[in-house]
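Report on the structure given below.
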Amino acid sequence: MNSRRRFLKNSGLGTMAALGLPYLSPGGPMPQQKKARRFVSTWSHGKVANEMAMAVLNEKSELLSSVEEGVRIVESDPDGRSVGLGGLPDNSGRVTLDACIMRGNGASGSVGALHNIEHPISVARAVMEKTQHVMLVGDGARKFALDQGFPNKDLLVPETRRDYENWKKEEELKLPPINHENHDTIGLIGMDENGKMAGACTTSGWAYKMPGRLGDSPIIGAGLFVDEEAGAATASGLGESIIQIAGCHLVVELMRQGMSPDDACKEAVTRISRKHSKWNKESLQACFIALRRDGSVGGYSLKKGFQYVVTDDEGSEILDAPYLTK
Ligand code: ASP
């Protein structure tokens, strides 16, 4: 069976009955049979992240650590321009990071506008596990991270320092468009053999953004949403457009009503295109990936060029997402 069919094999069935689920109500019955273990993540760099996640799941049988360790690899990659080390800074020259993590039972943690900490995803997990809060931002998030023992680290690399200096010299300081060439936020969602789900999302956001700007990535329900009674979704692309439709929450709720992951992601993208025409320009990109609780996966993007990666016990596949327009 070709890979896309393998990963989508349950997704075209459409009805609750076809899913073997009478009705996906809150607290509804979970099927008892073992699930296909699966990780799905944004962009081609998701392959190393998924494979790390699978290795951690094999070793520790701990899904939350799997998604966290998976995205940490990308946070530490100095060549990625939209995540962690090597991410492009805001317009003051400071690299600020947004991240969130979520379990399928609703437990979640998030950090926004955090600077000089290499692994915001782990700080987000600490917010979830060690505080009574869901979200910490700015100086408060940084103080918490340092208090928790996360080391201070300069996240600019020589190339991003140089690019920033060049950008500042330009006559008209413009935000570069968020399209498939200049961003690579990682969102990673996964399911273990017991049907437990979790997700993680981490980014340095829009290059040269205003200081204090948050995108969708640290916002539960926008850049990530996980509810193992229905499914999980994560996003990449222009955060402002994704926040305004509560994108990932929408995708999960559509799957709860029986939509396939592909169709749910397509509906979210279509809504962005329909309702927010001010961004419906040549450069705008918005992308979603989803994992339904029956193990079927899907993705969809506004513009051509979005790829996502699916990893199961048989290996990884990089898939070209269907899209609304070229
Ligand atoms: N969604 C991210 C943000 O708006 C950007 C991206 O996906 O590259 O911050």
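The values are calculated or read from the model by the stated rules, or taken from the named source; none is laboratory data. As the structure is a prediction and not an experimental result, all values here were calculated from the model. Reconstructed Cβ throughout: ideal geometry from the backbone, glycine too, with neighbour counts over all protein chains shown. In case anyone asks, the SASA skips ligands and DNA or RNA and just uses the protein heavy atoms, side chains included. Shrake-Rupley method; radii C 1.70, N 1.55, O 1.52, S 1.80 Å.
Among the residues of region 200-223, is there at least one that is free of Cβ contacts under 8 Å to residues at least 60 places away in the same chain, more than 16 Å from the ligand (Cβ to nearest atom) and open to solvent by less than 10 Å² (accessible area, probe 1.4 Å)? If you could, list the steps in order and put the result at the bottom.
Going residue by residue through region 200-223, those that are free of Cβ contacts under 8 Å to residues at least 60 places away in the same chain are 206, 216, 221-222.
Next, from what is left, pick out any that are more than 16 Å from the ligand (Cβ to nearest atom): none.
No, the conditions are met nowhere in region 200-223.
Consider region 185-199. How many of its residues are over 13 Å from VAL83 (Cα atoms) and either in contact with a His (Cβ under 7 Å, 6 or more places away or on another chain) or open to solvent by 10 Å² or more (accessible area, probe 1.4 Å) (or both)?
Selection size over region 185-199: 4.
Among the residues of region 130-148, is any within 16 Å of the ligand (Cβ to nearest atom), among the β-branched types (Val, Ile, Thr) and either modelled with pLDDT under 95 or open to solvent by 70 Å² or more (accessible area, probe 1.4 Å) (or both)?
Within region 130-148, one or more residues are within 16 Å of the ligand (Cβ to nearest atom), among the β-branched types (Val, Ile, Thr) and either modelled with pLDDT under 95 or open to solvent by 70 Å² or more (accessible area, probe 1.4 Å) (or both).
Of all the residues that make up region 164-186, how many are within 16 Å of the ligand (Cβ to nearest atom) and either modelled with pLDDT of 95 or more or not β-branched (Val, Ile, Thr) (or both)? Before you say what the answer is, go through the steps one by one.
Filtering region 164-186 down to residues within 16 Å of the ligand (Cβ to nearest atom) leaves 175-186.
Those still in the list that are either modelled with pLDDT of 95 or more or not β-branched (Val, Ile, Thr) (or both) too: 175-177, 179-184, 186.
Total satisfying the criteria: 10.
Assess whether ALA49 counts as being surrounded by 14 or more Cβ atoms within 10 Å (Cβ to Cβ), small (Gly, Ala, Ser) and at pLDDT 95 or above.
Values: surrounded by 14 or more Cβ atoms within 10 Å (Cβ to Cβ): yes; small (Gly, Ala, Ser): yes; at pLDDT 95 or above: yes.
In short, yes.
Please find, within region 63-115, the residue that is farthest from LEU155 (Cα to Cα) out of those that are of a type in the set (Gly, Ala, Ser) and free of Cβ contacts under 8 Å to residues at least 60 places away in the same chain. Let's see the steps before the verdict.
The initial filter retains those residues of region 63-115 that are of a type in the set (Gly, Ala, Ser), namely 65-66, 70, 76, 80, 82, 84, 86-87, 92-93, 99, 104, 106-110, 112-113.
When the remaining residues are screened for being free of Cβ contacts under 8 Å to residues at least 60 places away in the same chain, the result is 65, 76, 107, 109.
Numbers: SER65: 23, SER76: 10, ALA107: 29, GLY109: 22 Å.
Checking each candidate, the answer is ALA107.
Would you tally the residues in region 226-245 being open to solvent by 10 Å² or more (accessible area, probe 1.4 Å) and either hydroxyl-bearing (Ser, Thr, Tyr) or away from the ligand (no atom under 14 Å from the Cβ) (or both)?
Going through region 226-245 one residue at a time, the tally reaches 3.
So how many residues does region 65-95 have that are open to solvent by 10 Å² or more (accessible area, probe 1.4 Å), closer than 20 Å to LYS209 by Cα and in contact with a Lys or Arg (Cβ under 9 Å, 6 or more places away or on another chain)?
4
Return the only residue of GLU59, GLU69 being more than 16 Å from the chain's Cα centre (by Cα) and at pLDDT 95 or above. If you could, list the steps in order and put the result at the bottom.
Details: GLU69 fails: more than 16 Å from the chain's Cα centre (by Cα).
Unique residue meeting the criteria: GLU59.
Which ones in region 269-288 are open to solvent by less than 70 Å² (accessible area, probe 1.4 Å), touching a Ser or Thr at 6+ places or on another chain (Cβ under 9 Å), part of a loop (DSSP other than H, G, I, E, B) and at pLDDT below 80?
HIS276
For the list (1) without any contact (Cβ under 8 Å) to a residue 40 or more places away in the chain; (2) small (Gly, Ala, Ser); (3) within 19 Å of ALA124 (Cβ to Cβ), I need the number of the one condition that ALA55 fails.
(3)
Is it true that some residue in region 247-267 is crowded, with 19+ Cβ neighbours inside 10 Å and either in a strand (DSSP E or B) or within 13 Å of the ligand (Cβ to nearest atom) (or both)?
yes
Can you say whether ARG103 is open to solvent by 10 Å² or more (accessible area, probe 1.4 Å) and modelled with pLDDT of 90 or more, as far as the supplied structure shows?
Values: open to solvent by 10 Å² or more (accessible area, probe 1.4 Å): yes; modelled with pLDDT of 90 or more: yes.
When the stated conditions are applied, ARG103 passes them.
Go through (1) under 14 Å from the mean Cα position of the chain (by Cα); (2) at pLDDT 95 or above; (3) of a type in the set (A, V, I, L, M) one by one and return the number of the condition MET54 breaks.
(1)
Scanning region 52-64 for residues that are small (Gly, Ala, Ser) and part of a helix (DSSP H, G or I), which turns out most open to solvent (accessible area, probe 1.4 Å)?
Pass one, region 52-64, residues small (Gly, Ala, Ser): 53, 55, 61.
After this cut, where a residue has to be part of a helix (DSSP H, G or I) as well, the list is 53, 55.
Details: ALA53: 0, ALA55: 48 Å².
So the residue we want is ALA55.
Being within 14 Å of the chain's Cα centre (by Cα), small (Gly, Ala, Ser) and under 18 Å from LEU302 (Cβ atoms) is the filter here; which residues of region 206-259 pass it?
Scanning region 206-259 gives GLY215, SER217, ALA222, GLY223, ALA233, ALA235, SER236, GLY237, GLY239, ALA246, GLY247.
Matching residues to (1) farther than 20 Å from VAL48 by Cβ; (2) over 18 Å from the mean Cα position of the chain (by Cα):
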{"site": "PHE288", "(1), (2)": "yes, no"}
{"site": "ARG292", "(1), (2)": "yes, no"}
{"site": "LYS304", "(1), (2)": "yes, yes"}
{"site": "GLU314", "(1), (2)": "no, yes"}
{"site": "ASP320", "(1), (2)": "no, no"}
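Which numbered condition trips up GLU228, out of (1) more than 21 Å from THR325 (Cβ to Cβ); (2) at pLDDT below 95; (3) acidic (Asp, Glu)?
(2)
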